[in-house]
1. Failed condition for Ala78, given (1) open to solvent by less than 20 Å² (accessible area, probe 1.4 Å); (2) closer than 18 Å to Ala15 by Cβ; (3) small (Gly, Ala, Ser), with all others met?
2. Has region 20-41 got at least one residue that is modelled with pLDDT under 95 and within 13 Å of the chain's Cα centre (by Cα)?
3. Name the residues in region 49-65 that are open to solvent by less than 40 Å² (accessible area, probe 1.4 Å) and closer than 11 Å to Val178 by Cα, would you?
4. In region 110-129, what residues are in a helix (DSSP H, G or I), crowded, with 17+ Cβ neighbours inside 10 Å, acidic (Asp, Glu) and out of contact with any helix residue (DSSP H, G or I) (no Cβ under 6 Å at 6 or more places or on another chain)?
5. From the list Ala201, Ala147, Ala226, Ala230, pick out the single residue that is out of contact with any helix residue (DSSP H, G or I) (no Cβ under 6 Å at 6 or more places or on another chain), open to solvent by less than 40 Å² (accessible area, probe 1.4 Å) and at pLDDT below 95.
6. So, in region 208-221, exactly how many residues are touching an Asp or Glu at 6+ places or on another chain (Cβ under 9 Å) and in a loop (DSSP other than H, G, I, E, B)?
7. Could you list all residues from region 125-166 that are among the hydrophobic types (A, V, I, L, M, F, W, C), free of Cβ contacts under 8 Å to residues at least 40 places away in the same chain and over 27 Å from Arg4 (Cβ atoms)?
Amino acid sequence: MPARVFRGRAGTIDADREVSERLLDVAAAGDPAIRVWMPHRQVAFGRRDACLEGYGRAQDVARERGFPPVERSVGGRAVAYDGATTLAFARAEPVADFRRGTDERYERLTSDVEFALEDLGVALERGEPADSFCPGTHSLQAGGVAAGKLVGIAQRVRSDAAVASGILIVDDRELVDVLEAVYDALAVPFDPDSVGSVAAAGGPSDADRVREALEDALVGGRQRVAERVAVDDRS
């Protein structure tokens, strides 16, 4: 079964999100769909954030730091993308029974991300430090003295397809500052020292190199049918 691979990002946040929505439709038609890319600069809030009293203020502090706020349908708490060093990844697959396969999809995706990062020289552990950004069961952190959360994974399931997706921090740069301000506004516990990165854990700081390795791991042994979706010059 071939894998449809979508590369690049569209010219705006909204257009780029529409590209990601297409993955589920492609999977529903029978082919796995994979995307690994650098989203536009933004803070993506979860549905749980929108219910909090401090949500409006959190949106304001994100804007003040140059991170447009958006809401996403997958995942729990806020995540931030700097537009250059933070990757998103997703793999959508057809499902015959939406009540089955959730744990197996989480396990396969987590294992594939582990493989890609370990091949790049990053020592990993499953789990996350206390008070991490977007806390969740399916996370990866750096091992040893560089311990910090690198990866968070979530899943969305429809009756005909499911997508497991996540965030990967290649280099934290400005992320700690904006996340600390956003979580403070939301009154949600957050430890800035819990933010890790591939670069801090001994891996490459080149986001394109990490993106290519991760795409290879998510595609696996499938035949690759690539489609370029970029309007701007970033992947």
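The values are calculated or read from the model by the stated rules, or taken from the named source; none is laboratory data. These numbers were taken from a predicted model, which means no experiment stands behind them. Cβ sites come from the backbone with ideal geometry, for glycine too, and all protein chains shown count toward neighbours. These accessible areas exclude ligands, DNA and RNA; they are computed on the full protein's heavy atoms, side chains included. Shrake-Rupley method; radii C 1.70, N 1.55, O 1.52, S 1.80 Å.
1. Condition not satisfied by Ala78: (2).
2. yes
3. Within region 49-65, Ala58, Val61, Ala62 qualify.
4. Across region 110-129, the qualifying residue is only Glu114.
5. Ala230
6. 1
7. Val145
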